[in-house]
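Participant: I'd like to ask some things about the structure below.
The values are calculated or read from the model by the stated rules, or taken from the named source; none is laboratory data. Since the structure is predicted, the reported quantities are computational estimates derived from the model, not experimental observations. Every residue, glycine as well, gets a Cβ built from its backbone with ideal geometry; the counts of neighbours run over all protein chains shown. Please note that ligands, DNA and RNA were not included when accessible areas were found on the heavy atoms of the full protein model with its side chains. Shrake-Rupley method; radii C 1.70, N 1.55, O 1.52, S 1.80 Å.
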Amino acid sequence: MTAAQEQNQQLQRRLQQDSIQLAGKTIYINPFLYWRRFDSNTDRWLREPGQLTEEQIRQNRGRFYPELAWDLLDDDARQIKDGAVEMFLKSLELISTFHPELTSGQLLEVERKMAITKKRSFERWVEKSFRRRSKQETRERRRFARDRFLRGWGEWLRLETTHQALVPILALIVLSAVTGWSLGARQAACPTLVLPSEQTGLR
């Protein structure tokens, strides 16, 4: 089997996981395969967790994770699973928007296949999303702290009392530099005495 054929088979397998055949039509259950038909608001709505209410997510936990004991999960795991529940709900909403002809029974088939095949990928997507958000928040905090630090220094330097305090300090620094330079120049001008080797005892 050639590399191209192998790649083609992998693509076919992935598309089979990401789609379902209903009434002779291919329905994509991976919401990102509809991205060409999104506007920017829909794209942001899909990609950013936290767009649906906590109540909506809580009500649908058992629908997509009937096997889980939610009370036993730690906070991180619960957040990731809640994010995945949100992705399920958003995906179903997109599919019903782009395929309004689907009956409730067909949508149930879509939901079943999605719950079997997309759980792990939705969880991974949510994890990455949270990491991105955390990094962005850290960058924002650092930028804010840096701006506040620079602004504080700028305000301090603009104060009249600062100017009055800095003038003598700067004068002292300049005077020290000039003194050091002149002493160095004077030492460089004096020739050093080199004793002949007979007097130093070195042979």
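Participant: Enter the accessible area of V178 (Å², nearest 10), with the probe set to 1.4 Å and all protein chains included.
Facilitator: Approximately 80 Å² for this residue.
Participant: Let me ask something else. Based on the Cβ-Cβ distance of T138 and D75, what FRET efficiency does E = 1/(1 + (r/R0)^6) give at R0 = 22 Å, to the nearest 0.05?
Facilitator: Working: r = 19 Å, r/R0 = 0.86.
Working from the Cβ atoms, E equals 0.70.
Participant: For each pair in K25/K128; K25/K81; K25/K119, compute the distance between the two Cα atoms and list the pairs where it is over 25 Å.
Facilitator: K25/K128; K25/K81
Participant: What length, rounded to one decimal in nm, is gained on full extension from T53 through to L150, with 0.36 nm per residue of separation minus their alpha-carbon distance?
Facilitator: Gain on extension, T53 to L150, equals 31.0 nm.
Participant: Quick one: net charge of R120's neighbours, Cβ under 12 Å, K/R +1, D/E -1?
Facilitator: +2
Participant: Near G154, within a Cβ-to-Cβ distance under 12 Å, what is the net charge of the other residues, with Lys and Arg +1 and Asp and Glu -1?
Facilitator: Combined, the nearby Lys, Arg, Asp and Glu give +1.
Participant: Now for a separate question. Using a 1.4 angstrom probe and counting only protein chains, how large is the accessible area of I116 in Å², to 10?
Facilitator: Roughly 140 Å² of I116 is accessible to a 1.4 Å probe.
Participant: Okay, next question. Name the aspartates and glutamates eligible as straight-distance cross-link partners of K118: C-alpha to C-alpha under 20 Å, and not fewer than 8 places from it in the same chain.
Facilitator: D18, D43, E48, E67, D76, D82, E86, E93, E109, E127
Participant: If we count every other residue with Cβ under 15 angstrom of D74's Cβ, Lys/Arg +1 and Asp/Glu -1, where does the sum land?
Facilitator: Working: positive: R78, K81; negative: D71, D75, D76, D82, E123, E127.
Net of charged neighbours comes to -4.
Participant: On average over all directions, what projected area in square nanometres does the stretch 89-157 have, based on the convex hull of its Cα atoms? Write out the running numbers ahead of the final one.
Facilitator: Details: hull surface 26.8 nm².
If you wrap the Cα atoms of the stretch 89-157 in a convex hull and average its projections, you get 6.7 nm².
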